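Take a look at the structure set out below.
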Amino acid sequence: MAHNLNYNPDTKKHSFFSVQQKPWHSLGTLIEEYPTSAEALKFADLDFQVAKAPNLHTLPSGLSITSEQSFFTYRTDNEAILGDKLGKDYQIVQNIDAFSFFDSIVGNNQDIRYETAGALGKGERIFITAKLPDYIRVGKDDLIEQYVFLTTSHDGYGSITAAFTPVRVVCQNTLNAAMKNHSNCIKIRHTASAMENLRQAHRLMGITNQLATEMEGLYNHWAKIRINDQQVKKLIAMAMAPSKDVLNSLMEEKFHYLSTHYLNIVENVFEYALSAPFQQQPTTMGTLFGAYNAVTGYFQNVRKFPDEEHKLKSIMYGTALLRAQTTFNLCNDFANNKIQLLT
C-alpha cells in the first residue's frame, strides 16, 4: 500500500481527512467545513486510545517472566501492536492530547483551523496540520499560507514535533522556514514531562510570528534580485551536491569526477526551474526567489519517492529539508554578495 495510510477494517475507513481538498490518494474523508478538534479526531479515525504493557520473556522451560525494563504499545480498540522494546520511562501522548496543542492556540484565535489529519501504518504515527489566518505576501499577489504541522508516534521512534510550515499558494511548494539563528520547530521527547512540554508548545506561535515577518521581508528582497539561467544552474548544482568532495569538484570545474546520477539530478531541477508554471509569476521569473522555489518545488512536484510517507519525511526532516536549507543559505549569500556564480 504505497500511501501507507492506516486502514481500520472495523470502521472500513482510512485514517485521514482533508478540508475542501482532494484527500490523500482519494482515500479518507473529504469535508467542506473546518472541524473542531473532537470532530477532526473522528473524521481522521484517530479517536482511539493507546496503552503500554510490559513485554513477556518465555524461557526454554516454558516459564514466562514479565519484564520490568521492556514495554510495548498497542491500540485498545483493535489491539494492534504499535511499538516494541520501549523503555519504562516512555510516556504515551494520546491522539486527543496531541490535538490539545492546537486547541490551546485556537482558544485565543478562532481563525486557526484544522485542515488535515491522519495516521500511517497501523496507527503508530499521526500527523495534523492547522492553517493560520495570516498570509505572507510577496509582491502584490504572491501569497504564502502559514500552517502549523504536528507529528507524533506511538512506536518509540522520533520525538513529538511541532513545526511552522509556510506553503506558497500559487504552486503549493512548502518553503523552508529555518532562518538565521531560529528553528522552525519544537521537538519534545516521549518522557514524563512530554505532556507538560506539549501544553507549553504554544511558544511556537511566537516563532511563527517572528519567522513570518523575516520571511516576508527577505522573500520580497529576493524577488527584486535578478539572476540569469547560468547562475541558477550553478546555484542548483551547489545546492544539490551530496558531499564536500562533489562540491569541491564542481567549484574546481573537475566535471569528470562528477557522477552521471548527480548531473542528471541537477539537469532535472534546472529543467523544472525553467518550465514550472510558477516561474511565470512576476515575483519568480528570473529572480532569486524563483531560484529558491525551483529546488523546494522539485522535491514536491518532480522527485519520485517510494511512497507518500517517505516524501513527507524528506520534506519535513530529511534530504528535501536539507537541500532547501542549503539553497536558502546560498540565496542569502548571493543576495549579500558573499558568493559569485557564473555569469
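Each residue in the range 29-65 was checked for being touching a Lys or Arg at 6+ places or on another chain (Cβ under 9 Å) and surrounded by fewer than 16 Cβ atoms within 10 Å (Cβ to Cβ), and 5 pass. Just name the residue that is surrounded by the most Cβ atoms within 10 Å (Cβ to Cβ) out of those in the range 142-163 that are free of Cβ contacts under 8 Å to residues at least 60 places away in the same chain and not hydroxyl-bearing (Ser, Thr, Tyr). Filtering the range 142-163 for residues that are free of Cβ contacts under 8 Å to residues at least 60 places away in the same chain and not hydroxyl-bearing (Ser, Thr, Tyr), the one surrounded by the most Cβ atoms within 10 Å (Cβ to Cβ) comes out as 150. Scan the range 250-279 for residues that are more than 26 Å from the chain's Cα centre (by Cα) and over 22 Å from residue 319 (Cβ atoms) and jot them down. The answer is 252, 253, 254, 255, 256.
Quick test for you: out of 253, 271, pick the one residue that is assigned to a loop (DSSP other than H, G, I, E, B) and surrounded by fewer than 21 Cβ atoms within 10 Å (Cβ to Cβ). Full working, then the answer.
Numbers: 271 fails: assigned to a loop (DSSP other than H, G, I, E, B).
After applying the criteria, what remains is 253.
Listed here are the residues, each with its yes/no results for (1) on the phi < 0 side of the Ramachandran plot; (2) assigned by TED's automatic domain parsing to the domain that holds residue 97.
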| residue | (1), (2) |
| --- | --- |
| 26 | no, yes |
| 32 | yes, yes |
| 36 | yes, yes |
| 40 | yes, yes |
| 64 | yes, no |
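Whether a residue is modelled with pLDDT under 90 and either touching a strand residue (DSSP E or B) at 6+ places or on another chain (Cβ under 7 Å) or not basic (Lys, Arg) (or both) was assessed, and residue 105 passes this test.
Is it true that some residue in the range 119-132 is of a type in the set (Val, Ile, Thr), in contact with a Lys or Arg (Cβ under 7 Å, 6 or more places away or on another chain) and part of a strand (DSSP E or B)? Outline the logic, then answer.
Restricting attention to the range 119-132, the residues satisfying the condition of being of a type in the set (Val, Ile, Thr) are 126, 128-129.
Add one more test, that the residue is in contact with a Lys or Arg (Cβ under 7 Å, 6 or more places away or on another chain), and what stays is none.
Checked against the condition, which is being of a type in the set (Val, Ile, Thr), in contact with a Lys or Arg (Cβ under 7 Å, 6 or more places away or on another chain) and part of a strand (DSSP E or B), the range 119-132 yields no hits at all.
Taking the listed residues 241, 223, the one that is within 30 Å of residue 130 (Cβ to Cβ) and either buried (at least 17 other Cβ atoms within 10 Å of the Cβ) or not assigned by TED's automatic domain parsing to the domain that holds residue 286 (or both) is 223, with no other qualifying. Residue 279 meets each of the listed conditions (1) under 19 Å from residue 141 (Cα atoms); (2) modelled with pLDDT of 90 or more apart from (2). Of the residues making up the range 39-62, those that are farther than 20 Å from residue 12 by Cβ and free of Cβ contacts under 8 Å to residues at least 24 places away in the same chain are 53, 54, 56, 57, 58, 59, 60, 61, 62. The listed residues are 74, 90, and the only one of them that is under 29 Å from residue 164 (Cα atoms), surrounded by 15 or more Cβ atoms within 10 Å (Cβ to Cβ) and modelled with pLDDT of 90 or more turns out to be 90.
The values are calculated or read from the model by the stated rules, or taken from the named source; none is laboratory data. Worth saying up front: this structure is predicted, and the values here are computed from it rather than measured. When we count neighbours, we look across all protein chains shown, and the Cβ atoms used for this are built from the backbone with ideal geometry, even at glycine.
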